[in-house]
Number of protein chains: 2
Amino acid sequence: MRENDEHSRRGLSRRGLFGVAGLAAGGLAVGGAAGAAAGATLASTDANARYPFYGAHQSGIVTPAQDRLHFAAFDIAASCDRAGLISLLTDWSDAAARMTAGEDVGQDGATGGPLQAPPEDTGEALGLPASALTITIGFGPSLFTDADGADRFGIADRRPSALVDLPHFSGDILDPAISGGDVCIQACADDPQVAVHAIRNLSRIAFGRAALRWSQLGFGRTSSTSTSQQTPRNLFGFKDGTANVKAENGDDVQTAVWADAADGTEWMAGGSYLVTRKIRMIIETWDRASLGEQQRIIGRTKGEGAPLSGGTEFTEPDFDRTVDGAPAIDPHSHVHLAHPSVNEKAMLLRRGYNYVEGNDELGRLNAGLFFMAYQRDPRRQFIPIQRRLAANDLMNEYVRHVSSAIFAVPPGAAEGGFVGSGLFG
Amino acid sequence: MRENDEHSRRGLSRRGLFGVAGLAAGGLAVGGAAGAAAGATLASTDANARYPFYGAHQSGIVTPAQDRLHFAAFDIAASCDRAGLISLLTDWSDAAARMTAGEDVGQDGATGGPLQAPPEDTGEALGLPASALTITIGFGPSLFTDADGADRFGIADRRPSALVDLPHFSGDILDPAISGGDVCIQACADDPQVAVHAIRNLSRIAFGRAALRWSQLGFGRTSSTSTSQQTPRNLFGFKDGTANVKAENGDDVQTAVWADAADGTEWMAGGSYLVTRKIRMIIETWDRASLGEQQRIIGRTKGEGAPLSGGTEFTEPDFDRTVDGAPAIDPHSHVHLAHPSVNEKAMLLRRGYNYVEGNDELGRLNAGLFFMAYQRDPRRQFIPIQRRLAANDLMNEYVRHVSSAIFAVPPGAAEGGFVGSGLFG
């Protein structure tokens, strides 16, 4: 798509009008969000917020959760070889760096190029601020070894042991067409048009090399990943993710999110593992459950979000407390089964979004949670937690897991490099 | 759902924390948005903005277009009779007044009621500000006479002559399952969770009396309905709706939007007619068209949005101007064919939204425009304009009309009344 980096970096900043004053031409656009990237103190509704694409870790993981999501899973074309994959990752990284800086993907923008050629950028984000866009790239198991067991890209022996194929969980009714994928791209922003623009242009850049397998839009982040954020509500009407890993808690992040070279896969050091699950909520049935039943299932009050053992939202649940001889918090409640204390201290950095996709033929809203969780090792985190939930969670009556995927999310790229370069070194 | 109005108006204001100070209990919540309702000077991103539900006109028409849409079409249940329809419209109006004021739909909110009963409100908007929510109700042709020609509600003779069945337009490939509907509800807000909450709770209130037929989410308003708003871009990357009817232009609004008693249907005086069209854009093909071709099709420049006859965005197109002997603006361009000068001065108040719904099996984004236009009489406005576009528009190669509907949108209700009461008087 692009002739060379120096060339393209001279391109226009389409969002300059709204951008941070003093942005140096050719440099990275790290403006009002610089403090946030370091300490996550930014409110996620600052339309001018920008997060750097390059760095030790990819943005979009401990970044304070933005309000909107466009997630895409791609399959690499059969005709694409190792060199093609490397060129694709290079082009994607370069375009991602431009877009997260609030620029067009092409040197000429959507409007300054020759009339005879298609515009390099599709243009629908022209004039919009960076809107806290982050673009996060990950690799699925099928990138390492395809369905026929072939090592298409010469990387089969680099597959991390933590990148397991997820087991079948009790109750799974997965649709393969919206599960898996060779590569994923997570675009999060505070403006859906900016997130959609990112996926659309990255998909276009991939033309002939990779094709969209499935994609997912989301709104209303269902988790807070920063102590500066209020805990949002999911479509069950409850606060979700009170006990989430927060960016400010460095020990938790190091223990629960970032892979380490000592884990056995050096190229993944500073990376993480992402599990996605599309969880349809049977909303109409839920809405007919009594308030007491809803609270018993969740283990928290609906209003405040306090554990049923008492206190306020951030009071630690007391699973030993009894009322009239029965546990105040049902042992099969969601809060109990998902709690680190019953999962050998396993925590997740959840970063999910609500989705609504019209209605089904019965007039029921097709809606739920697109669950996303980052972690250091799914074998010790998502899998045992989900096994416990799938077997016992009172909430299972009201949810259906319809899609599932797992990705190794490499560390960030150095400026001028590309995400995943360590895989090919 | 509710015992009586007095009772419910004493309900808690769930959004009081974020609300406008000094809100009088039991009264209407008209705070920071009061000026906007009168003069439309408000930026639509003020999360505390509130628009009154009651008034001479329904809100959500000349209201400055909010950023998000959840639109729903309902069919009235076979078991619902005239009295049932009136009670449904009463309950809907009452709930709409509460939600647009930033309150729960139920007296007890989602959290204050008895543990033994389902919460009256589903709760996912607890703690969120009013977010400029408007709820707008309309009636489709099938409400007046059903498919068998029956006059179920005794209103067949009240059907406005302007509420015609839309003709077939060249190129239409409509899906009946996502077209038509007895009643529509348009929920617009600056927060998608607030718009979704509104449709979900109105759908729940209708249980047993009406069921969702189809619904549509949208983002990134594609039209500005106020001179205070910048013209947004559609997914073709072009500014859309530069020449839209603006709320500040009182003459245009009176001429082009509001129905008048002199039009022949007294109960519709102060109402309007809404046409919706789901227009899928063939984005991947569009993205391969050259910049010159894209601009020729639209008739405007991509960057500035200026007519190809010269000037800036708001310069009137000069259809007589030629360059090298050819018209500067192609006579088959979208801007020419849709222009009032070739449509006997017919104008529309457009209020559409972009949509993206994942991708199809070929990996193409399933995306486009959910077109909505309010007008005084579709026979003189939408229909002739669309006939001309369907026959000649260069853009047709890149779009597919897949859903269509028309609704009579009654005037606003007086406080304590309900939308559509004039139909039963």
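Since every read-out is calculated from the coordinates, none of them should be taken as a lab result. Quick caveat: nothing in here was measured; it's all calculated off a predicted structure. Cβ sites come from the backbone with ideal geometry, for glycine too, and all protein chains shown count toward neighbours.
Charge tally for B:Glu357 (other residues, Cβ to Cβ under 12 Å; Lys, Arg +1; Asp, Glu -1): +1.
Give A:Lys246/A:Lys345; A:Lys278/B:Lys278; A:Lys239/A:Lys278 a once-over and call out the pairs whose C-alpha atoms are over 22 Å from each other. Over 22 Å apart, Cα to Cα: A:Lys278/B:Lys278. Eigenvalues of the alpha-carbon gyration tensor of chain A, scaled by 5 and square-rooted, set the equivalent ellipsoid semi-axes at 37, 24, 21 angstrom, largest first. Distance from the C-alpha centroid of the range B:358-405 to that of the range B:64-92: 25 Å, rounded to the whole angstrom.
Between B:Phe153, B:Pro192, B:Ser170, the Cα set farthest toward the positive side of the dipole of the range B:130-235 (charges on each charged residue's Cβ, about the Cα centre) is that of B:Pro192.
With respect to the axis relating copies A and B by rotation, the chain A residue whose beta carbon is closest, plus that distance in Å, is A:Glu357, 3. In the range A:341-425, the alpha-carbon atoms span a convex hull of 158 Å³ per residue. If R0 equals 45 Å, the separation of the Cβ atoms of B:Arg400 and B:Gln254 corresponds to a calculated FRET efficiency of about 0.85. With the charge dipole of the range A:207-279 set up from +1 on Lys and Arg Cβ and -1 on Asp and Glu Cβ about the Cα centre, the Cα lying farthest toward the positive end among the listed residues A:Leu212, A:Trp258, A:Ser228 is that of A:Leu212.
Label point of A:Thr255 (7 Å along Cα→beta-carbon): distances to the other copies' equivalent points are 7.1 nm, sorted ascending. Near A:Thr145: Cβ cut-off under 13 Å, other residues only, Lys/Arg at +1 and Asp/Glu at -1. The net charge is -3.
Rg of the Cα atoms in the range A:304-347, relative to 2.2 N^0.38 Å, amounts to 1.12. Restricting the calculation to Cα atoms, the range B:75-118 yields a radius of gyration followed by a Dmax of 13.4, 35 Å. Centre-to-centre, using Cα atoms only, the range B:109-157 and the range B:203-252 are separated by 20 Å. Per the Kirkwood formula applied to alpha carbons, the protein assembly as shown shows a radius of gyration over Rh ratio, Rg over Rh, of 0.96.
Each principal axis of the Cα atoms in the range B:230-339 has its own extent, and those three values, largest first, are 52, 32, 25 angstrom. Stretched out straight at 0.36 nm per residue, the stretch from A:Ala177 to A:Arg364 would grow longer than its current Cα-Cα span by 65.1 nm.
Inter-chain Cβ neighbour count for A:54-64, averaged per residue, equals 0 (cutoff 10 Å, partner chain atoms only).
As a proxy for reagent exposure, A:Phe238, A:Phe418 were ordered by neighbouring Cβ count within 10 angstrom, fewest first; the result is A:Phe418, A:Phe238. Between the listed residues A:His401, A:His332, A:Ala289, the Cα displaced farthest toward the positive end of the dipole of the range A:287-425, a dipole computed from Cβ unit charges relative to the Cα centre, is found at A:His401. May I ask you to derive the FRET efficiency for B:Ile282 and A:Arg321 from their Cβ-Cβ distance with R0 = 41 Å, giving the value to the nearest 0.05? Calculated transfer efficiency: 0.10.
Taking the Cα atoms of the range B:268-425, the ratio Rg/Rh between the radius of gyration and the Kirkwood radius comes to 1.05. Dipole size of the range B:49-112 about its Cα centre, with +1 on Lys/Arg Cβ and -1 on Asp/Glu Cβ: approximately 220 debye, rounded to the nearest 20. With its label point defined 7 Å out from Cα along the Cα-to-Cβ axis, B:Arg364 lies at 3.2 nm from the matching points of the other copies, in increasing order.
Pairwise alpha-carbon distances in the range A:199-283 exceed 18 Å for 65% of all pairs. For B:Asp320, the point set 7 Å out from Cα toward Cβ sits 9.1 nm from its twins in the other copies, listed from shortest up.
For the range B:46-144, the convex hull spanned by the alpha carbon atoms encloses 137 Å³ per residue.
Here's the picture: a label point sits 7 Å out from the Cα of A:His168 along the beta-carbon direction, and within the range A:385-415 the residues with their amide nitrogen under 20 Å of it are A:385-393, A:396-397, A:399-406. Only Lys, Arg, Asp and Glu carry charge here, each on its Cβ (+1 for the first two, -1 for the last two); on that basis chain B has a dipole of about 240 debye about its Cα centre. Dipole magnitude for the protein assembly as shown: computed about the Cα centre from +1 point charges on Lys and Arg Cβ and -1 point charges on Asp and Glu Cβ, it is near 160 debye.
Residue exposure proxy: A:Thr122, B:Thr227, ordered by other Cβ atoms within 10 angstrom of their Cβ from fewest to most, comes out as B:Thr227, A:Thr122. Volume per residue of the convex hull around the Cα atoms, evaluated for the range B:85-184, comes out as 184 Å³.
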